[in-house]
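Below: the structure, in structure tokens.
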Amino acid sequence: MNQDDMARKMRDAQSSLMKMQQDMNKMQEELSAVMIEGTAGGGAVTVICNGNGEFRSVKIKKEAVDPSDIETLEDLVLAAVKDATTKSQKMLQQRANALTAGLNLPPGLF
């Protein structure tokens, strides 16, 4: 491979990396606008987070509140948060996989 070919390959690689960075930034913006719902207790507790995992709201139905059993309510809130977090991570993984499809990246990078 001569120097011209090497220089061209380096420019192509740099261009590809810049495009990927732009695509990643766009994906982050899109994810911040996506709202994901996590629930527990058959809808007794609902939390909303965006695709970046930032929580926006918590809703608790009256029937889920028993002053003599706070532990159950705490468990429901935690379960709803975990549900939303799992859904958010799954969506992020799917979008990252789509973004990096065709690239020869090491496993586990995204």
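None of the figures in this text is laboratory data; all of them are computed from the coordinates on show. As the structure is a computational prediction, the values presented were derived from the model and not from experiment. Counting neighbours? That spans all protein chains shown, and the Cβs are built from the backbone with ideal geometry, glycine included.
Remarks
Residue by residue, here is whether (1) of a type outside the set (S, T, N, Q); (2) touching a residue at least 40 places away in the same chain (Cβ under 8 Å); (3) surrounded by 11 or more Cβ atoms within 10 Å (Cβ to Cβ); (4) within 23 Å of A44 (Cβ to Cβ) holds:
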site: K61; (1), (2), (3), (4): yes, no, yes, yes
site: I70; (1), (2), (3), (4): yes, no, no, yes
site: L76; (1), (2), (3), (4): yes, no, yes, yes
site: V81; (1), (2), (3), (4): yes, yes, yes, yes
site: A84; (1), (2), (3), (4): yes, yes, yes, yes
site: N97; (1), (2), (3), (4): no, no, no, no
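Condition check ((1) free of Cβ contacts under 8 Å to residues at least 40 places away in the same chain; (2) not in a strand (DSSP E or B)) across all residues:
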position: M6; (1), (2): yes, yes
position: M18; (1), (2): yes, yes
position: Q21; (1), (2): yes, yes
position: S32; (1), (2): yes, yes
position: E37; (1), (2): no, no
position: I48; (1), (2): yes, no
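- Matching residues in segment 50-87 - criterion: being part of a helix (DSSP H, G or I) and among the basic types (K, R): K62, K82, K87
- Of all residues in segment 45-59 being among the aliphatic types (A, V, I, L, M) and surrounded by fewer than 20 Cβ atoms within 10 Å (Cβ to Cβ), the one that is nearest to L76 (Cα to Cα): V58
- When segment 82-99 is filtered for residues that are out of contact with any helix residue (DSSP H, G or I) (no Cβ under 6 Å at 6 or more places or on another chain) and over 15 Å from E54 (Cα atoms), the ones remaining, listed by number, are Q93, Q94, A96, N97, A98.
- Looking across segment 3-27, the residues that are of a type in the set (A, V, I, L, M, F, W, C) and under 27 Å from N97 (Cβ atoms) come down to M10, A13, L17, M18, M20, M24, M27.
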